[in-house]
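A.B. asks: One structure follows; several queries about it will come next.
None of the figures in this text is laboratory data; all of them are computed from the coordinates on show. Note that the structure is predicted; figures quoted are calculated from it, not measured. Here Cβ is always computed from backbone atoms with ideal geometry, including for glycine, and neighbour counts include all displayed protein chains.
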Amino acid sequence: MASAYERWCYLASLVVRILAIVFFAWPFSVVAIAGRDSNQAASRTWITDVTIVSPEKLDHIEIASVLIENGRIVRVERRKGAKTPTGATVVSGKGQFLIPGLIDSHVHVTSLPGISPEQAKTNLEINKKYFKQVPRSYLYYGYTTLVDLGVAVDRPVLEAMRQAPLHPDLYSCGDALVFANGYPMSFAPPTIRFKLFPNFLYDPKQAATIPSEYKPEDHTPQADVERVKDSGGICVKTFFERGFGQDRNLPVMGPEVLAEIRKTANKAGLVLMMHANAFEAQKFAVEGGVDVIAHGMWNWGDLGKQTVLPPEIRQVLDQIVEKKIGYQPTIEVLQGLRAYFDPEYLKTAAIPKVIPKEMLEWFDSPEGKWFKKELAQDDASDAAMSEAYEKGPVRRVRQVVAYLAKKNANFLFGTDTPSAPTYGNLPGLNGYLEMQQLQKAGLSLAQIFEAATISNAREFKIDSQLGTIEPGKTANLVLLKKSPLQSLDAYDSIATIWVHGEAVARDNLAAD
Ligand SMILES: [Zn+2]
């Protein structure tokens, strides 16, 4: 059932790549950027009497005041009655909770949700409005840092987002390392697939199918990893996926290729991430010493019908715990597909906050439901389809995540938004929904909070700047009306977001 998602994941990125230049009309705003810098230089903010919820001090929650200066946290004052620093704008945090900005370490900001490659060509206005809203929607739900895992990265789109007036910090894994003719380049026609995936891995056994203009020495693990590094990437994304549907026997890398990627990623200081959602794939990833597994294990292969977690799976999960491998359950990948079989989904009250209303209207039209036909199986009813997700992949991934949660695995918060051209994975909102899935699967509120703050910051080596509320760090902060350690809906009680010290009220980030 995950097959359509995988297939369209590729197509969506392809069409965006082709059309990005048409969509984007954002001029490079020198004025806006200069304006923001000078504002920062002059600005001092003093957030008073607020409950600090910072992941390094969860056992010692205190009320304090925080001073922001030049986009950084410069002081966390725990003494009572401290004087207001001169010239500071005072924000009362009384009765509220301050957390570090949230980090989503698995997004595809340049992919379109819910729109097919063909339709994208005739919906240019909607698409343009959507891409302008994307960075704001992430901020609306408190996500101030994103790691983009775009398969074939569309740099103009990424750059346009980085230059938007208000946007999350945007890191990237550069162009993914795709095994020659393997997933996901297998979905592109043979004549163009090597061009579309310029950072592919050469496979001598398949030399006959690789155009002669591509030289083996330019597509070694080392050459590929260096290209990611040179493009400013902080991570390397690769895949172990044998395929599905018509393409069940795609070529996959062997352990010696992964070992070479591992070695060169280490040398380059890059985090190694592997797409793996099957038991076999996660076993391979663990044995190859990857840093992060980019999906939950919802495909158990021959063990899929077993209702209790089989011992051979537990063994792999134990190693994930022991080796502290970063684990992104991405349960919303499945819920995002299931959304097409939920007649109430498009009535979700939060949707108009994160996408333009024209887009929602279009999703609700017969044309907007095209992806449902891709997912539907024979004449199965909505209820039957929904149940098939619930009893199959969703049940399996929940069992896996519950086991890992009990052992306090190194969970990393990542949503894979959008995992397909599904309208079920919308920016920002999908993070809130993923948190609900994690809680349902057995993560505690503290585990969810850590996964979305300090654990992500540490894994991606950005913890000197992000992930906690401590002096010296970037002032990416979120003020909540409720405590995220008391209830999950705290993440939907946001009052104010600070991005590099610049305050914005949540309501001002909603779509219109
Ligand atoms: Zn992804």
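A.B. asks: Quick query: amide H of Ala452 versus all other amide H atoms, modeled in the peptide plane; which residues come in under 5 Å with a sequence gap of 5 or more or a different chain?
C.D. replies: Phe413
A.B. asks: May I pose another question? Can you give me the long-range amide H partners of Arg72? Hydrogens built in the peptide plane at 1.01 Å from N, cutoff under 5 Å, separation of 5 or more residues or another chain.
C.D. replies: The answer is Ala475.
A.B. asks: Enumerate the calculated ³J(HN,Hα) couplings along region 195-210 in order (Karplus 6.51 cos²θ - 1.76 cosθ + 1.60, θ = phi - 60°), each rounded to whole Hz, writing x wherever the residue is Gly or Pro.
C.D. replies: 5, 6, 10, x, 9, 6, 9, 5, 10, x, 5, 10, 3, 4, 9, 9
A.B. asks: Find the Cα radius of gyration of region 191-232, compare it with 2.2 N^0.38 Å by division, and give the number to two decimals.
C.D. replies: That ratio works out to 1.16.
A.B. asks: What residues have an amide H closer than 5 Å to that of Val236, excluding those fewer than 5 places away on the same chain, when H is modeled at 1.01 Å from N in the peptide plane?
C.D. replies: Distant-sequence amide H within range of Val236: Val271, Leu272, Met273.
A.B. asks: With the dipole of region 101-252 worked out from charges on the C-beta (+1 for Lys and Arg, -1 for Asp and Glu) around the Cα centre, which of Phe194, Pro251, Asn123 lies farthest toward the positive end?
C.D. replies: Looking along the dipole axis, the top candidate is Asn123.
A.B. asks: Counting other Cβ atoms within 10 Å, which GluC sites (Glu not before Pro) in region 336-366 have at most 15 and lie in a DSSP loop?
C.D. replies: Those that pass, being in a loop and sparsely packed, are Glu344.
A.B. asks: Can you compute log10 of I(q)/I(0) for region 236-309 with the Debye formula, treating each Cα as one identical point scatterer, at q = 0.17, 0.27 Å⁻¹?
C.D. replies: -0.65, -1.27
A.B. asks: Also, quick follow-up: Kindly state, as a whole number, the per residue volume in cubic angstrom of the convex hull around the alpha carbon atoms of the chain.
C.D. replies: Dividing the Cα hull volume of the chain by its residues yields 143 Å³.
A.B. asks: Using the eigenvalues of the Cα gyration tensor, what equivalent ellipsoid semi-axes result for region 311-422 when each is taken as the square root of five times the eigenvalue, whole Å, largest first?
C.D. replies: Taking √(5λ) for each Cα gyration eigenvalue gives 32, 18, 10 Å.
A.B. asks: Could you give the size of the charge dipole of region 307-418 about its Cα centre, using +1 on the Cβ of each K and R and -1 on the Cβ of each D and E, expressed in debye and rounded to the nearest 20?
C.D. replies: 640 debye
A.B. asks: Further question on the same structure: When the C-alpha atoms of region 219-366 are aligned to their principal axes, what extent does each axis show, in angstrom, from largest down?
C.D. replies: Sorted largest first, the three principal extents are 49, 44, 33 Å.
A.B. asks: Right, something else. Report ³J(HN,Hα) in whole Hz for each residue of region 317-327, in order, from the Karplus equation J = 6.51 cos²θ - 1.76 cosθ + 1.60 where θ = phi - 60°; Gly and Pro get x.
C.D. replies: Those phi angles translate into 5, 4, 5, 4, 5, 4, 7, 6, 5, x, 10 Hz.
A.B. asks: In debye to the nearest 20, how big a dipole does region 258-379 give about its Cα centre with +1 on each Lys and Arg Cβ and -1 on each Asp and Glu Cβ?
C.D. replies: 460 debye
A.B. asks: Place a +1 charge on the Cβ of each Lys and Arg in the chain and a -1 charge on the Cβ of each Asp and Glu, then give the dipole magnitude about the Cα centre in debye, rounded to the nearest 20.
C.D. replies: 1020 debye
A.B. asks: Could you list His106, His275, His60, His500 in order of exposure, starting from the residue whose Cβ has the fewest other Cβ atoms within 10 Å?
C.D. replies: In increasing order of surrounding Cβ atoms, one gets His60, His500, His275, His106.
A.B. asks: As a test of the definition: which semi-axes, in Å, follow for region 341-478 when you take the square root of five times each eigenvalue of its alpha carbon gyration tensor? Largest first, please.
C.D. replies: Rounded to whole Å, the semi-axes are 32, 21, 11.
A.B. asks: Cα to Cα, under 18 Å, and not fewer than 8 places away if on the same chain: which lysines meet these conditions relative to Lys305?
C.D. replies: Lys391
A.B. asks: From the C-alpha coordinates alone, can you work out the Kirkwood hydrodynamic radius of region 416-493, in Å?
C.D. replies: 13.9 Å
A.B. asks: Quick one: in region 83-188, what % of C-alpha pairs are over 25 Å apart?
C.D. replies: 38 percent
A.B. asks: Mean projection of the alpha-carbon convex hull of region 297-352 over all orientations, in nm²?
C.D. replies: 6.0 nm²
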